[in-house]
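For reference, the structure discussed in these notes is given below.
The values are calculated or read from the model by the stated rules, or taken from the named source; none is laboratory data. Quick caveat, the model's predicted, so the values are computed rather than measured. We place every Cβ from the backbone using ideal geometry, glycine too, and count neighbours over all the protein chains shown.
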Amino acid sequence: MTDSSLLSGKLLFEFQTISAMVEIYCKAHHCNKPQNSLCESCDEFLAYAETRLDRCPYGQEKPTCNKCPVHCYKPKMKQKAREIMIYAGPRMLLPHPIMAIKHLLAERKPAPGKPPKEASNRHLRKQS
């Protein structure tokens, strides 16, 4: 599982969830890679996802992406994320049951209103 030096708390859990999904997707779709590593395309996507999570205006109160009123991914990356989640989401239950159930429960929470000012993880990191 991939860890992040930028993220903590709920954002780190969200990053670990997307990492697990990318790993499942990459293993099934990109065969020409060494054992236990991601292809270049998936690795780039994961780095992009980490940056977007770090800069999320909701910070630690971030909703799941499909409930979020702020669309922070570029269209191409948003399509890639959707592709990965559609494929890997149902397949998460066996290798990562607790993570999958926590993610499903988080999806049931209502979308928050306007994000609080200066709540992003990046902003908080820069202040301290």
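From the list ILE84, ILE98, exactly one residue is of a type in the set (Val, Ile, Thr) and either in contact with a helix residue (DSSP H, G or I) (Cβ under 7 Å, 6 or more places away or on another chain) or on the phi > 0 side of the Ramachandran plot (or both). Which is it? Full working, then the answer.
Values: ILE98 fails: either in contact with a helix residue (DSSP H, G or I) (Cβ under 7 Å, 6 or more places away or on another chain) or on the phi > 0 side of the Ramachandran plot (or both).
Testing whether each residue is of a type in the set (Val, Ile, Thr) and either in contact with a helix residue (DSSP H, G or I) (Cβ under 7 Å, 6 or more places away or on another chain) or on the phi > 0 side of the Ramachandran plot (or both) leaves just ILE84.
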**Message:** Looking only at region 34-62, count every residue that is under 11 Å from the mean Cα position of the chain (by Cα) and over 13 Å from SER120 (Cβ atoms) and tell me the total.
**Reply:** 6
**Request:** Report yes if HIS71 is assigned to a helix (DSSP H, G or I) and either of a type outside the set (A, V, I, L, M, F, W, C) or surrounded by fewer than 18 Cβ atoms within 10 Å (Cβ to Cβ) (or both), otherwise no.
**Result:** no
**Request:** Among residues belonging to region 12-33 that are within 17 Å of the chain's Cα centre (by Cα) and not hydrophobic (A, V, I, L, M, F, W, C), point out the one that is nearest to GLN60 (Cα to Cα).
**Result:** GLU14
**Message:** Can you confirm whether MET85 is within 21 Å of GLU44 (Cα to Cα) and either among the β-branched types (Val, Ile, Thr) or touching a Phe, Trp or Tyr at 6+ places or on another chain (Cβ under 7 Å) (or both)?
**Reply:** no
**region 44-68 - residue that is assigned to a loop (DSSP other than H, G, I, E, B) and not hydroxyl-bearing (Ser, Thr, Tyr) and, of those, modelled with the lowest pLDDT** = CYS68
